[in-house]
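The values are calculated or read from the model by the stated rules, or taken from the named source; none is laboratory data. All values derive from a computational prediction rather than experimental measurement. Methodologically, a virtual Cβ is constructed for each residue, glycine included, from the backbone with ideal geometry; neighbour enumeration extends over all protein chains shown. When the accessible area is computed, the model is the full protein with side chains, heavy atoms only, and any ligands, DNA or RNA have been set aside. Shrake-Rupley method; radii C 1.70, N 1.55, O 1.52, S 1.80 Å.
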Amino acid sequence: MTETTRRDEIAAGLAEVEASIAEACRAAGRAREELTLIAVSKTYPASDVRLLAALGVTDVGENRDQEASVKVRECAGLDLTWHFIGQLQTNKARSVAGYADVVHSVDRPRLVTALSQEAVRAGREITCLVQVALDGDPGRGGARPADVAALAEALAVAPGIRLGGVMAVAPLGEEPGRAFARLREIAQVMRDAHPGADVISAGMSGDMSEAIANGATHLRVGTALLGRRKPLVR
Ligand SMILES: *Cc1c(COP(=O)(O)O)cnc(C)c1O
């Protein structure tokens, strides 16, 4: 496919996503400016990220360090904000701390320690979100709701780290709006204790409007912008 065609394809995806966001904002009585759109570029090449950037996208999300670290280098000079949104092993903390501006997936104390240490080593400040397992099952990543406050406290005092707020993926088999309503309550409790922690990262291609209706500040959108991903072979 030629670059021009791909550019048109991505521009059309972006226009559709922006139209959906505008409609959901109208319905929820919110302003577009309250929301940051994160383009999730996993499995797609750096050339797509360049096209997104040329179309005005400023925030990019990746979920695997191996892929992200290469892509970030390939996109040098674009002045993008990079979000790490995937499950993170502590042995990848050094690499991720080298390029991620925001880590959405902090779900255990050891990760706080590792990211803090590596942020300080790199001389960077990393905004960290506590990922919440809204179904209470930490198996697929995310902390139990009962563990969120302690993790937030640990992030709030960790050198090199700024506590940003919360992140969640809507559990399968539950109406996303119900799940995101719980996330909003958890976010409110966190903000009462940590007034600066105002990020609610929620909403993907399939549930953006439910997330917007429930106070999301950051949307993580891949498929609706770049197309259906090929199944990942690991
Ligand atoms: C892949 C991914 C997304 C984007 O999902 P789409 O359905 O493609 O929009 C959002 N959040 C996380 C954590 C992801 O891994």
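Restricting attention to the range 38-52, report how many residues are open to solvent by 20 Å² or more (accessible area, probe 1.4 Å) and either touching a residue at least 40 places away in the same chain (Cβ under 8 Å) or farther than 23 Å from E67 by Cα (or both).
From the range 38-52, those open to solvent by 20 Å² or more (accessible area, probe 1.4 Å) are 42-45, 47, 50-51; that's our starting set.
In the following step, the residues that additionally are either touching a residue at least 40 places away in the same chain (Cβ under 8 Å) or farther than 23 Å from E67 by Cα (or both) were identified as 42-44, 47, 51.
Here the count works out to 5.
Output the residue which, of all residues in the range 53-70 that are surrounded by fewer than 21 Cβ atoms within 10 Å (Cβ to Cβ) and among the charged types (D, E, K, R), is farthest from R229 (Cα to Cα).
D59
Could you please find all residues in the range 101-127 being open to solvent by 60 Å² or more (accessible area, probe 1.4 Å) and under 18 Å from the mean Cα position of the chain (by Cα)?
Initially, the range 101-127 is screened for residues open to solvent by 60 Å² or more (accessible area, probe 1.4 Å), giving 108-110, 113, 117, 120-121, 123-125.
Within the range 101-127, R108, E125 qualify.
Each row is one residue, and each column tells you yes or no for (1) in contact with a His (Cβ under 8 Å, 6 or more places away or on another chain); (2) small (G, A, S).
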{"residue": "A197", "(1), (2)": "no, yes"}
{"residue": "A202", "(1), (2)": "yes, yes"}
{"residue": "S205", "(1), (2)": "no, yes"}
{"residue": "M208", "(1), (2)": "no, no"}
{"residue": "I212", "(1), (2)": "no, no"}
{"residue": "G215", "(1), (2)": "no, yes"}
{"residue": "A224", "(1), (2)": "no, yes"}
{"residue": "R229", "(1), (2)": "no, no"}
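Yes or no: V130 at pLDDT 95 or above, aliphatic (A, V, I, L, M) and buried (at least 24 other Cβ atoms within 10 Å of the Cβ)? Even if it seems obvious, please write down each step before you answer.
Details: at pLDDT 95 or above: yes; aliphatic (A, V, I, L, M): yes; buried (at least 24 other Cβ atoms within 10 Å of the Cβ): yes.
The answer is yes for V130.
Looking at the range 11-24, can you tell me whether even one residue there is assigned to a helix (DSSP H, G or I), under 16 Å from the mean Cα position of the chain (by Cα) and surrounded by 14 or more Cβ atoms within 10 Å (Cβ to Cβ)? Can you show your working first?
Taking the range 11-24 as the starting set, the residues that turn out to be assigned to a helix (DSSP H, G or I) are 11-24.
Now drop any that are not under 16 Å from the mean Cα position of the chain (by Cα), which leaves none.
So far as the range 11-24 goes, no, none of its residues is assigned to a helix (DSSP H, G or I), under 16 Å from the mean Cα position of the chain (by Cα) and surrounded by 14 or more Cβ atoms within 10 Å (Cβ to Cβ).
Kindly indicate the residue of the range 58-82 that is of a type in the set (A, V, I, L, M) and either out of contact with any Gly (no Cβ under 9 Å at 6 or more places or on another chain) or within 16 Å of the ligand (Cβ to nearest atom) (or both) and also nearest to H104 (Cα to Cα) among those meeting that condition.
Only one residue fits best here, namely V60.
Which of the residues belonging to the range 88-123 are in contact with a Gly (Cβ under 7 Å, 6 or more places away or on another chain) and more than 19 Å from A150 (Cβ to Cβ)? Walk me through it before giving the result.
Kept after step one, since they are in contact with a Gly (Cβ under 7 Å, 6 or more places away or on another chain), are these residues of the range 88-123: 102, 105, 107, 116, 119-120, 122.
Scanning the range 88-123 gives V102, A119, V120, A122.
From D48, D101, D79, grab the single residue that is of a type in the set (D, E, K, R) and out of contact with any Ser or Thr (no Cβ under 7 Å at 6 or more places or on another chain). Don't jump to the end; show me each part of the working.
Numbers: D48 fails: out of contact with any Ser or Thr (no Cβ under 7 Å at 6 or more places or on another chain); D101 fails: out of contact with any Ser or Thr (no Cβ under 7 Å at 6 or more places or on another chain).
Among D48, D101, D79, only D79 is of a type in the set (D, E, K, R) and out of contact with any Ser or Thr (no Cβ under 7 Å at 6 or more places or on another chain).
Would you check which residues across the range 118-137 are hydrophobic (A, V, I, L, M, F, W, C) and closer than 15 Å to W82 by Cβ and list them?
Taking the range 118-137 first, the residues hydrophobic (A, V, I, L, M, F, W, C) are 119-120, 122, 126, 128-130, 132-134.
Across the range 118-137, the qualifying residues are A119, A122, I126, C128, L129.
Here are some conditions: (1) under 23 Å from V96 (Cβ atoms); (2) open to solvent by 60 Å² or more (accessible area, probe 1.4 Å). A27 meets all but one. Which one does it not meet?
All conditions are met except number (1).
Answer with yes or no whether K42 is in contact with a strand residue (DSSP E or B) (Cβ under 7 Å, 6 or more places away or on another chain) and assigned to a loop (DSSP other than H, G, I, E, B). If you could, list the steps in order and put the result at the bottom.
Working: in contact with a strand residue (DSSP E or B) (Cβ under 7 Å, 6 or more places away or on another chain): yes; assigned to a loop (DSSP other than H, G, I, E, B): yes.
Spelling it out, K42 is indeed in contact with a strand residue (DSSP E or B) (Cβ under 7 Å, 6 or more places away or on another chain) and assigned to a loop (DSSP other than H, G, I, E, B).
Can you work out which of the residues in the range 83-100 that are more than 16 Å from the ligand (Cβ to nearest atom) and open to solvent by 20 Å² or more (accessible area, probe 1.4 Å) is nearest to the chain's Cα centre (by Cα)? Walk me through how you get there before you give the answer.
Residues of the range 83-100 more than 16 Å from the ligand (Cβ to nearest atom): 90-91, 93-95, 97-99.
Subsequent filtering for residues that are open to solvent by 20 Å² or more (accessible area, probe 1.4 Å) retains 90-91, 94-95, 98-99.
Working: T90: 18, N91: 20, R94: 19, S95: 18, G98: 17, Y99: 14 Å.
Out of the qualifying residues, it is Y99.
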